[in-house]
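Novice: The structure's right below; bear with me while I get my questions together.
The values are calculated or read from the model by the stated rules, or taken from the named source; none is laboratory data. Nothing here was measured: the structure is a model prediction, and the numbers come from that model. So basically every Cβ, Gly included, is an ideal-geometry build from the backbone, and we count neighbours across all protein chains shown.
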Amino acid sequence: MLPAMSEGTATDRRHWTQFAREWIAWARSPGHDAFWSYRRTLVDFIGRGTGEALEVGCGEGRISRELKNLGYRVTATDVVEEFVEAAREARSAHAYAVAGANALPYADGAFDLVVAYNVLMDVEDVPGALREMRRVLRPGGRVVISLVHPLRNAGNLEGGGPEAPLVLRGNYYGRRRFEGIEKRDGLQMHFAGWSQPLEDYVAALAQAGLAITALREPVPDQTPCPDRLKPWRRLPLFLWLEARPLAG
């Protein structure tokens, strides 16, 4: 039996269950989304290892596959059963579970590394999710988090020129729901989640007993770098954090 889920988690599950096939096609089309232009830098940021790694919110499994290639023994989890089955079919990890970020079915201190790649924006209870990640982390372990940069959620570069201005829409501060559709090259994806300022993420990490030990605002690779990603060589699209347990 799965752990009980909050209403927020149930909302996330309903959305991603509805659009799971869209995401699987979107993510598995090589070069289709931004992941491919940041992949090499992300792999370097995570680094090689031989311990136990947990991916929270594995989707169709591409980050779990990268973790396997880095040498980890990988467990892949997601609240959406279809994602877990897709990850399993692709042999993305060594073990799998259908589980939400706020109720991980593992013992305390089970993992050397916990990775949450572009997941926390989809979780209503971010502090609860981070507490769970901290709970299953071994002493001396680390959590690696990727977020769509909070500034990106507040605005966009208008126009395609090298001096295109950043235009803010609404308020950077506060927590708000977002929904949108992207269409490209015959594929579409319905996105939904919550945006919140960086301060809120840092506070949630501290409340969970985690301290940031590394931070990156990566730029996309020069090759490949499609025209649609070139503006993000001026302004960060992603924010990557490494956090470790606080002493004491």
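Novice: Hey, could you check the stretch 69-91 for residues that are in contact with a helix residue (DSSP H, G or I) (Cβ under 8 Å, 6 or more places away or on another chain) and among the aliphatic types (A, V, I, L, M) and say which is nearest to Ala110 (Cα to Cα)?
Specialist: Looking at residues that are in contact with a helix residue (DSSP H, G or I) (Cβ under 8 Å, 6 or more places away or on another chain) and among the aliphatic types (A, V, I, L, M), I get Val74.
Novice: In the stretch 39-68, which residues are of a type in the set (Asp, Glu) and in contact with a helix residue (DSSP H, G or I) (Cβ under 9 Å, 6 or more places away or on another chain)?
Specialist: Glu55, Glu60, Glu66
Novice: Conditions first: (1) among the small types (Gly, Ala, Ser); (2) in a helix (DSSP H, G or I); (3) within 30 Å of Lys230 (Cβ to Cβ); (4) touching a residue at least 60 places away in the same chain (Cβ under 8 Å). Ser29 passes all but one, so which condition is the exception?
Specialist: Going through (1) among the small types (Gly, Ala, Ser); (2) in a helix (DSSP H, G or I); (3) within 30 Å of Lys230 (Cβ to Cβ); (4) touching a residue at least 60 places away in the same chain (Cβ under 8 Å) one by one, Ser29 breaks only (2).
Novice: Given (1) crowded, with 22+ Cβ neighbours inside 10 Å; (2) in contact with a Ser or Thr (Cβ under 9 Å, 6 or more places away or on another chain); (3) on the phi < 0 side of the Ramachandran plot; (4) not hydroxyl-bearing (Ser, Thr, Tyr), identify the lone condition not met by Pro150.
Specialist: In the conditions (1) crowded, with 22+ Cβ neighbours inside 10 Å; (2) in contact with a Ser or Thr (Cβ under 9 Å, 6 or more places away or on another chain); (3) on the phi < 0 side of the Ramachandran plot; (4) not hydroxyl-bearing (Ser, Thr, Tyr), Pro150 misses (1) alone.
Novice: For a quick check of your reading of the model, give me the residue pairs whose first member lies in the stretch 216-237 and is part of a helix (DSSP H, G or I), whose second is polar (S, T, N, Q), with beta-carbon atoms closer than 9 Å and at least 6 apart or on different chains.
Specialist: Once the first residue is part of a helix (DSSP H, G or I) and sits in the stretch 216-237, its partners that are polar (S, T, N, Q) give Leu229/Ser37; Pro231/Asn156; Trp232/Ser37; Arg233/Gln222.
Residues are listed down the side, and each one gets a yes or a no for (1) in contact with a Gly (Cβ under 6 Å, 6 or more places away or on another chain); (2) within 15 Å of Asp125 (Cα to Cα); (3) small (Gly, Ala, Ser); (4) at pLDDT below 90:
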| position | (1), (2), (3), (4) |
| --- | --- |
| Phe191 | yes, no, no, no |
| Ala203 | no, yes, yes, no |
| Leu241 | no, no, no, no |
| Arg244 | no, no, no, no |
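Novice: Which residue pairs have Cβ atoms under 8 Å apart, sit 6 or more places apart or on different chains, and have a first residue in the stretch 141-158 that is modelled with pLDDT under 85 and a second that is of a type in the set (Gly, Ala, Ser)?
Specialist: Within 8 Å, the pairs are Asn153/Ser195; Ala154/Gly170; Ala154/Ser195; Leu157/Ala164; Glu158/Ala164.
Novice: Mind listing whichever residues of the stretch 212-227 are surrounded by 13 or more Cβ atoms within 10 Å (Cβ to Cβ) and more than 16 Å from the chain's Cα centre (by Cα)?
Specialist: Across the stretch 212-227, the qualifying residues are Ile212, Val219, Pro220, Asp221, Cys225, Pro226.
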